[in-house]
Amino acid sequence: MTTGQQRDKYTFMEEEWGIDGNPFPSEAIEATNGPYCDHLFPEEKSSFISHLVYSAVMDRRPMGFLWSKGPGGRDTGFGKTTMMRNVASQINEDWGKRILEGAGMRPEKVAEHKLIAMYAAMNTLSVAGIYPLLFSAVEYAADPRYGVDNKCLIERCRDLILVEAGVDPSDPNANDFIEGAMLNARQTLGPTLPPMRSDFLDAFVAGEPITDVLAEVSPASRVRNGLAYFDVLFTIAYAAGIHDVFVSIDQLEDLATRRDIGNAKKQREVGRFRDILSETLHYKGRLHAIFTFHIRAQQQLGWMWRQERLPSFDPDDPANQGSVVVLRGLRTVDQVRDLLVTYLDTRRVNRADVGIIRPFEPSALDILLQRSEGRVGILLQDAYRILDSAALQGHSRVDGGYIQDLFGGRAEPAAQQDTTTTESQTDIVDRLLQ
Amino acid sequence: MNRFLTDFCEAAYLLARFSSPQEGGYAWQAFMQEALHSYDAMALQGPYNLQLFGMASASGARHELDGAAGALHTTILTEAKHLQQGITKDDICVFDRKTFDYYIALVRRHVAGVHYRVLSSATPVDALLRKYAFLFGITLVEPSICPLPILLSVTEKADCDEVFPEGLIGQFLGLASHASAALEQRYVQEGRYLRFDTRVMGEDELDDLEFLHKEFSECWLDFIDRNRPNYYEQKAEELFTRIGIT
């Protein structure tokens, strides 16, 4: 059906489909606050919580691994990041209470454990090692956008220190109490630990926004002093009675595949994972890292990982069941439906339309599943392009036939090896040496 | 980056890293002279001179420099140290003050052009001294780390993100440019006065640059090793042949 060709595409979307814009992401990259469908991967989420959170706390395990392996071992896209962000946010809501209870921890035990979680990702610009990554984790903890009721995690930890001690936050001596609690926590963590960074500590004690302090830190200092900033955060958590700190480390492949970092440096960084997570006495058993892994990172970092005697991340080794979780992507049309609805609902104009897949027809679901091979990121990107084209062309119903016509039976092209790399690299070296 | 300065620093770096001059440092000074000569210097001054190209210092004190070379509008004032214990705080402070004494004389005589200061050491230099050099615009050359002007000339090229961490390039460029500045840029003449910007190179920035210098040097040498193995070894051989080191 072709209607409304004269209409603006957004007017068309609203009038024909009941949405005020295209709800799908144009790129297969997870946005900070993208919608989340809690029941899309129930088994995998349950394994994540049970193996990578609950077991890590109970076994004092420093590392867990989240894999994404779709058909042919390819990355499924979207799943890992979304799940890690969502679990971190759920943990921070109530210091991990609901998560641990849901995983089966006895209530009296739950009361003994408080958790916090941060999310940080390697990237190709500045975060290419564990020190800047830990700085990113501090930024996450200081950012009200990832907090509760616009209160960041660090601020909530400060409140918790006071509440647990029965001190009113408006008490004129509250700052002195916080300072004492921090020094006491530090002393308990290790009597010979180095002093904490004064800029961070002073602002925390005074109850000033930590974001102001972090914004002043230069790019080089984030790399040099990332661990020192994280160490203050860790002490804050300890002072608040939180003895299990989780850091989700995403995009490990950005460390693995960066051309400006030689193997010696990559090896050094992998060695630092061991030094910090397994050998630093006051972190041991209290700091838990969850790494995302997929084939590319495995190929590049696998031998370094083994050389540093870090725990195995092999998803096919049955002995790793307790510390490795594998996301397999979408497998049924029902999952596709749930995913589409989750995004469509974010832009619904009328509440009556919530929960329906309009403009998609049931026949579209299987085609989308096949085309994407179960990869969430690819499917969402396809959905974006389909709605955009349908709105431009004035097609009010999107069925399987329309999608096949639109893409002409073309499968999503697989990323291919760049055969010109060697030649262009030579040119680059020549230019740099001129 | 000034090409003459970069070329000179590369020659000094090759000497510092690959040559084994005789004890006492005199051969080292002679090598430095030859290196200056080999890079098309238009005016040259060797050791034992107590003036700068015939000009006395502002105070009248008779300072000896190991070398000075000029090409177009650029002059390099240099000192070469080949001491077992490396460059000391005294060495760098003396070099700083005597070159400054000459600079005042240059300003009084309204001499045009830019004057860079390069202190070369055949042994590694202490980190605290490196920071002193950054603050006052003295370029240090030593065997264990690639000199700032070489790294700066690479970071100014479009493909530099193939070599260095992209997120740190901007900060490195800013700080390293100050640390490698000519006397005229660090001590800016304003009428009868010289202005020294005390806000530049604060304590944190000196620490940052100390870190970045090592990091960027490592990145560059690693990049060269991966893509052009023996590049600097071959350049050293060519230079040594040219200046007669066997």
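The values are calculated or read from the model by the stated rules, or taken from the named source; none is laboratory data. Since this is a predicted model, take the numbers as computed values, not measurements. Ideal geometry is used to build each Cβ from the backbone, glycine not excepted, and the neighbour counts take in all protein chains shown.
Quick grid of which residues meet (1) within 11 Å of chain A (Cβ to nearest Cβ); (2) closer than 22 Å to residue A:123 by Cα:
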residue: B:183; (1), (2): no, no
residue: B:191; (1), (2): no, no
residue: B:205; (1), (2): yes, no
residue: B:214; (1), (2): yes, yes
residue: B:221; (1), (2): yes, no
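Being buried (at least 21 other Cβ atoms within 10 Å of the Cβ) and either under 27 Å from residue B:191 (Cα atoms) or in contact (Cβ under 8 Å) with a residue 60 or more places away in the chain (or both) is the filter here, so list the residues in the stretch B:72-97 that pass it.
B:75, B:76, B:77, B:78, B:80, B:82, B:95
Looking at the stretch B:119-175 only, could you name the residues that are in contact with a His (Cβ under 6 Å, 6 or more places away or on another chain) and surrounded by fewer than 23 Cβ atoms within 10 Å (Cβ to Cβ)? Can you show your working first?
First, the residues of the stretch B:119-175 that are in contact with a His (Cβ under 6 Å, 6 or more places away or on another chain): B:122.
Once the filter is applied, which keeps residues that are in contact with a His (Cβ under 6 Å, 6 or more places away or on another chain) and surrounded by fewer than 23 Cβ atoms within 10 Å (Cβ to Cβ), the stretch B:119-175 yields nothing.
Looking at (1) in contact with a His (Cβ under 7 Å, 6 or more places away or on another chain); (2) of a type in the set (D, E, K, R); (3) within 10 Å of another protein chain (Cβ to nearest Cβ), which is the one condition that is false for residue B:225?
Unmet for residue B:225, out of (1) in contact with a His (Cβ under 7 Å, 6 or more places away or on another chain); (2) of a type in the set (D, E, K, R); (3) within 10 Å of another protein chain (Cβ to nearest Cβ): (1).
Here's a check for you: in the stretch A:311-341, which residue that is part of a helix (DSSP H, G or I), of a type outside the set (Val, Ile, Thr) and over 20 Å from the mean Cα position of the chain (by Cα) is surrounded by the most Cβ atoms within 10 Å (Cβ to Cβ)?
Looking at residues that are part of a helix (DSSP H, G or I), of a type outside the set (Val, Ile, Thr) and over 20 Å from the mean Cα position of the chain (by Cα), I get A:340.
Hey, does the stretch A:326-335 have a residue that's at pLDDT below 90 and in contact with an Asp or Glu (Cβ under 6 Å, 6 or more places away or on another chain)?
Yes, the stretch A:326-335 contains a residue that is at pLDDT below 90 and in contact with an Asp or Glu (Cβ under 6 Å, 6 or more places away or on another chain).
Please work out if residue B:239 is surrounded by 15 or more Cβ atoms within 10 Å (Cβ to Cβ), of a type outside the set (Val, Ile, Thr), more than 13 Å from chain A (Cβ to nearest Cβ) and over 30 Å from residue A:431 (Cβ atoms).
no
Listed here are the residues, each with its yes/no results for (1) surrounded by 15 or more Cβ atoms within 10 Å (Cβ to Cβ); (2) touching a residue at least 60 places away in the same chain (Cβ under 8 Å); (3) aromatic (Phe, Trp, Tyr).
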site: A:140; (1), (2), (3): yes, no, yes
site: A:179; (1), (2), (3): yes, no, no
site: A:185; (1), (2), (3): yes, no, no
site: A:210; (1), (2), (3): yes, yes, no
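Does residue A:351 satisfy being within 14 Å of chain B (Cβ to nearest Cβ) and surrounded by fewer than 19 Cβ atoms within 10 Å (Cβ to Cβ)?
Numbers: within 14 Å of chain B (Cβ to nearest Cβ): no; surrounded by fewer than 19 Cβ atoms within 10 Å (Cβ to Cβ): yes.
No; evaluated as a whole, the condition is false for this residue.
Looking at the stretch A:268-305 only, could you name the residues that are of a type in the set (Asp, Glu) and under 22 Å from the mean Cα position of the chain (by Cα)?
Across the stretch A:268-305, the qualifying residue is only A:269.
Would you point out which residue out of A:397, A:347 is modelled with pLDDT of 90 or more, touching a strand residue (DSSP E or B) at 6+ places or on another chain (Cβ under 6 Å) and either of a type in the set (A, V, I, L, M) or within 30 Å of residue A:10 (Cα to Cα) (or both)?
So the residue among A:397, A:347 that is modelled with pLDDT of 90 or more, touching a strand residue (DSSP E or B) at 6+ places or on another chain (Cβ under 6 Å) and either of a type in the set (A, V, I, L, M) or within 30 Å of residue A:10 (Cα to Cα) (or both) is A:347.
For residues that are within 23 Å of residue B:120 (Cα to Cα) and of a type in the set (Phe, Trp, Tyr), tally how many sit in the stretch B:150-190.
2
Consider residue B:192 against the criteria (1) within 28 Å of residue B:73 (Cα to Cα); (2) crowded, with 19+ Cβ neighbours inside 10 Å: it satisfies all of them except one. Which criterion is unmet?
(2)
Give the stretch B:152-175 a look and list any residue that's touching a residue at least 40 places away in the same chain (Cβ under 8 Å) and more than 11 Å from chain A (Cβ to nearest Cβ), or say none.
B:152
Right, residue A:312: over 20 Å from residue A:135 (Cβ atoms), among the hydroxyl-bearing types (Ser, Thr, Tyr) and either without any contact (Cβ under 8 Å) to a residue 12 or more places away in the chain or more than 14 Å from chain B (Cβ to nearest Cβ) (or both) or not?
Numbers: over 20 Å from residue A:135 (Cβ atoms): yes; among the hydroxyl-bearing types (Ser, Thr, Tyr): yes; either without any contact (Cβ under 8 Å) to a residue 12 or more places away in the chain or more than 14 Å from chain B (Cβ to nearest Cβ) (or both): yes.
Judged against the criteria, residue A:312 is a match.
So residue A:281 passes all but one of these: (1) crowded, with 20+ Cβ neighbours inside 10 Å; (2) modelled with pLDDT of 90 or more. Which condition number does it fail?
Status for residue A:281: all satisfied but (1).
What number of residues within the stretch B:210-246 satisfy the criterion of being touching a Phe, Trp or Tyr at 6+ places or on another chain (Cβ under 9 Å) and farther than 22 Å from residue B:40 by Cβ?
Qualifying residue count, the stretch B:210-246: 13.
Pick from the stretch A:229-264 the residues that are surrounded by fewer than 19 Cβ atoms within 10 Å (Cβ to Cβ) and part of a helix (DSSP H, G or I): which of them is nearest to the other protein chains (Cβ to nearest Cβ)?
If we take residues in the stretch A:229-264 being surrounded by fewer than 19 Cβ atoms within 10 Å (Cβ to Cβ) and part of a helix (DSSP H, G or I), then A:264 is nearest to the other protein chains (Cβ to nearest Cβ).
Check whether at least one residue in the stretch B:122-134 is modelled with pLDDT under 95 and touching a Phe, Trp or Tyr at 6+ places or on another chain (Cβ under 9 Å), and report yes or no.
yes
Being in a loop (DSSP other than H, G, I, E, B) and either under 21 Å from the mean Cα position of the chain (by Cα) or closer than 17 Å to residue B:69 by Cβ (or both) is the filter here, so list the residues in the stretch B:95-114 that pass it.
B:111, B:112, B:113, listed by residue number.
Are any residues in the stretch A:94-130 within 14 Å of chain B (Cβ to nearest Cβ), closer than 20 Å to residue A:153 by Cβ and surrounded by fewer than 23 Cβ atoms within 10 Å (Cβ to Cβ), and if so, which ones?
The answer is A:121, and nothing else.
Of the residues A:334, A:317, only one is more than 30 Å from residue A:35 (Cα to Cα) and out of contact with any Gly (no Cβ under 9 Å at 6 or more places or on another chain); which?
Residue meeting the stated conditions: A:317.
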